[in-house]
Amino acid sequence: EDKVVQSPLSLVVHEGDTVTLNCSYEVTNFRSLLWYKQEKKAPTFLFMLTSSGIEKKSGRLSSILDKKELSSILNITATQTGDSAIYLCAVEANSGYALNFGKGTSLLVTP
Amino acid sequence: NAGVTQTPKFRVLKTGQSMTLLCAQDMNHEYMYWYRQDPGMGLRLIHYSVGEGTTAKGEVPDGYNVSRLKKQNFLLGLESAAPSQTSVYFCASRRNTGELFFGEGSRLTVL
């Protein structure tokens with residue numbers, strides 16, 4: 001059975017800190033790994049990582065895929081209160097049509 | 001361009017009542033999904049569709065039915081609501097490159 005595990009489940013940091021969120025997976029025929037940010041409503045897309053694109057960066061956010069360790073990290077530097085959200089990791093396998101989501105990491109950035 | 005629209009956004013039901021959640025997307029996506037989100041459980045797939053007229057079961061399909069009569073619409077039905085179906089329901093459609101686009105969610109309470 002495909003599995004996606006995120007850690008930590010929750011995290012509290014001070015503004016300006018750097019955080020690293022983790023996602024590990026066990027899927028048959030890995031195709032892609034996606035990161036989403038969820039504030040109060042709908043999850044919004046951050047990054048997609050595949051075998052041909054293992055590192056992505058956008059502003060203060062960056063993500064790396066480690067195919068050997070079957071994991072990914074999401075880094076946020078110089079955190080701001082607006083970064084407070086649930087960060088979701090999802091993995092797609094070649095054999096399926098749907099994304100399997102982890103339980104998410106709840107990040108709170110305090111002033 | 002509205003993206004993915006869900007109706008209703010809030011609903012309270014009594015045990016045994018039925019209802020239908022409607023999802024509409026205007027991006028001409030083939031794939032559509034219904035997820036439920038519960039505290040500490042992440043997003044769990046209920047049903048999905050890979051095209052007009054097709055549907056398939058996800059991880060937690062029991063107690064739900066779906067229909068995809070038109071490409072742009074994906075309906076989720078509860079025939080006899082139970083308190084265990086109290087949740088936030090998210091519809092999503094998928095771009096060919098893999099990213100999911102989510103609706104804003106429908107909060108359902110079953111008393």
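The values are calculated or read from the model by the stated rules, or taken from the named source; none is laboratory data. The structure displayed is predicted, hence computed values, not measured ones. Counting neighbours? That spans all protein chains shown, and the Cβs are built from the backbone with ideal geometry, glycine included.
What do you reckon, is B:Q6 assigned to a strand (DSSP E or B), more than 10 Å from the chain's Cα centre (by Cα) and buried (at least 16 other Cβ atoms within 10 Å of the Cβ)? Here the answer is no, as B:Q6 does not meet what is asked. For region A:91-111, filtered to residues that are more than 14 Å from chain B (Cβ to nearest Cβ) and over 13 Å from the mean Cα position of the chain (by Cα), the residue that is farthest from A:L11 (Cα to Cα) is A:P111.
Assess whether A:E15 counts as being at negative phi and at pLDDT 95 or above. So A:E15 fits the description; yes.
Would you confirm whether any residue within region A:75-90 is over 20 Å from B:Q37 (Cα atoms), under 12 Å from the mean Cα position of the chain (by Cα), modelled with pLDDT of 95 or more and in a strand (DSSP E or B)? Yes - at least one qualifying residue is present in region A:75-90. Of all positions in region A:66-73, at least one carries a residue that is away from chain B (no Cβ under 12 Å), in a strand (DSSP E or B), in contact with a strand residue (DSSP E or B) (Cβ under 8 Å, 6 or more places away or on another chain) and not polar (S, T, N, Q).
Condition check ((1) out of contact with any helix residue (DSSP H, G or I) (no Cβ under 6 Å at 6 or more places or on another chain); (2) of a type in the set (K, R); (3) under 20 Å from B:R94 (Cβ atoms)) across all residues:
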site: A:T28; (1), (2), (3): yes, no, yes
site: A:R31; (1), (2), (3): yes, yes, yes
site: A:L34; (1), (2), (3): yes, no, yes
site: A:K37; (1), (2), (3): yes, yes, yes
site: A:T50; (1), (2), (3): yes, no, yes
site: A:E55; (1), (2), (3): yes, no, no
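Pairs are defined by a Cβ separation below 7 Å, a sequence spacing of at least 6 or placement on different chains, a first member in region A:1-30 that is part of a loop (DSSP other than H, G, I, E, B), and a second member that is surrounded by 11 or more Cβ atoms within 10 Å (Cβ to Cβ) and of a type in the set (K, R); the pairs so defined are A:L9/A:K103.
For region B:87-106, the criterion of being under 22 Å from A:E1 (Cβ atoms) and part of a loop (DSSP other than H, G, I, E, B) is met by at least one residue. Only one of the numbered conditions (1) touching an Asp or Glu at 6+ places or on another chain (Cβ under 9 Å); (2) at pLDDT below 95; (3) farther than 27 Å from B:V88 by Cα is not met by A:S32, and that is (3). In the condition set (1) surrounded by 20 or more Cβ atoms within 10 Å (Cβ to Cβ); (2) under 19 Å from A:V5 (Cβ atoms), A:I76 is compliant with all but (2). Of the conditions (1) buried (at least 18 other Cβ atoms within 10 Å of the Cβ); (2) within 11 Å of the chain's Cα centre (by Cα), A:L61 satisfies every one except a single condition; which number is it? Here A:L61 meets the rest and fails (1). Is it the case that B:G77 is in a loop (DSSP other than H, G, I, E, B) and under 29 Å from A:K3 (Cα atoms)? For B:G77, the condition - in a loop (DSSP other than H, G, I, E, B) and under 29 Å from A:K3 (Cα atoms) - is not met. What do you reckon, is A:L49 buried (at least 16 other Cβ atoms within 10 Å of the Cβ), of a type outside the set (D, E), free of Cβ contacts under 8 Å to residues at least 60 places away in the same chain and within 22 Å of A:A98 (Cβ to Cβ)? The answer is yes for A:L49.
When region B:16-72 is examined, which residues are found to be in contact (Cβ under 8 Å) with a residue 60 or more places away in the chain, in a loop (DSSP other than H, G, I, E, B), more than 12 Å from chain A (Cβ to nearest Cβ) and in contact with a Gly (Cβ under 8 Å, 6 or more places away or on another chain)? Result: B:S18, B:M27. Of all the residues in region B:92-107, those that are of a type in the set (A, V, I, L, M) and either within 8 Å of chain A (Cβ to nearest Cβ) or surrounded by fewer than 22 Cβ atoms within 10 Å (Cβ to Cβ) (or both) number 1.
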